[in-house]
Amino acid sequence: MIPTKWLRQTIAVVWTAIDQFNRTDGWAIASHVALTALMAMFPFLIFLTAVAAFLDLTDLAQTVVDLIFAAVPASIAAPIAKEVNNVLLIPRGDLLTIGVALAVWFASNGVEALRVGLNRAYGCMEERSFLLLRLESIGFVVIGSLVLLTLAVLVIVAPVVWHWVVALAPIADEFSKTFTVLRYAVTLVILGAALIIAHLWLPSGRRTLSEVMPGVVVTLSAWILGGVGFATYLSNFGNYASTYAGLAGVMTALVFLYLIAAILLFGASINAARIEHKKMEPLIEQMSSHGEVPMEETRELDKV
């Protein structure tokens, strides 16, 4: 059986998280994050293509895009895939051009939008230097590009290695499905690692790994359910073309990004609520043990 105290605390945390999400304008901030992410996507791909060309890894750029869209339902990814491919077809081999530098700057806006959202969700006031934060965001863009290119190499090499293993040991062919599942598991691990980094380093203040993990788990779980649910809605009920005409593809991507951003910010609100409850728990227990706080007031303290 589920312990009554744990269940009560979980309900209180979720309720507080919902309240905090609404009080910090979570829905409005999610729309800001979604729009900025969509606007930052193409500058990021421009920079990624330039880095790939500079490192003589041009063919890997398409693999990176396939990696990015592999975690997105096809009905959602399809509308912008064509435009993304058009971006990749333009050769860019010079990392020092003004155009590529501007692309890095605009791509870092996506990181900054996420920082604003996480600060609001955690109830933090940003006091760090604007220049330092912008340099950090640019660093995330550069490191993210290199990590994605490295993963693209592994994605290309892994099947080759697997076929080599099967050729040497045919019995390994029985585990091909397991290998496919493992690739999806690796994708989840990568997303989880990115979320952990975002929660630990983007918002102001310090948080431990144990403090951010619940929100990360909630976010990943809700992303999977939300992605499947939204794809099902699009295939059965959604008809954006009749409402947005030529902008249907963009609006579909934007609505999906809005859903993703809202879930991410709610995950941060879960973490913030847990942190506050842990701070208040000793006081609540102490006052309750002395009979100083009626049950109704204890519930009010739980909402702080």
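The values are calculated or read from the model by the stated rules, or taken from the named source; none is laboratory data. A quick note: this is a predicted structure, and the numbers were derived from the prediction, not measured. In this analysis, Cβ positions are derived from the backbone assuming ideal geometry, glycine residues included, and neighbour counts consider all displayed protein chains.
Given the criteria of a type in the set (Lys, Arg) and modelled with pLDDT of 90 or more, does ARG8 qualify? No; evaluated as a whole, the condition is false for this residue. Only one of the numbered conditions (1) assigned to a loop (DSSP other than H, G, I, E, B); (2) in contact with a helix residue (DSSP H, G or I) (Cβ under 6 Å, 6 or more places away or on another chain); (3) modelled with pLDDT under 70 is not met by LEU96, and that is (2).
In the set (1) under 30 Å from ARG274 (Cβ atoms); (2) assigned to a helix (DSSP H, G or I); (3) at pLDDT below 95, the condition left unmet by ALA103 is number (1). Residue pairs whose Cβ atoms lie under 6 Å apart, separated by 6 or more positions or on different chains, with the first residue in the range 217-233 and within 12 Å of ALA74 (Cβ to Cβ) and the second modelled with pLDDT of 90 or more, do not occur. Restricting attention to the range 261-277 and to residues that are β-branched (Val, Ile, Thr) and in contact with a Gly (Cβ under 7 Å, 6 or more places away or on another chain), the residue that is farthest from ILE224 (Cα to Cα) turns out to be ILE270.
In this structure, does ILE29 turn out to be in a helix (DSSP H, G or I), touching a Lys or Arg at 6+ places or on another chain (Cβ under 9 Å) and modelled with pLDDT of 85 or more?
Yes: the conditions hold for ILE29.
Candidates in the range 130-154 are the residues that are farther than 22 Å from ILE29 by Cα and of a type in the set (Ser, Thr, Tyr); of these, the one that is surrounded by the most Cβ atoms within 10 Å (Cβ to Cβ) is SER145.
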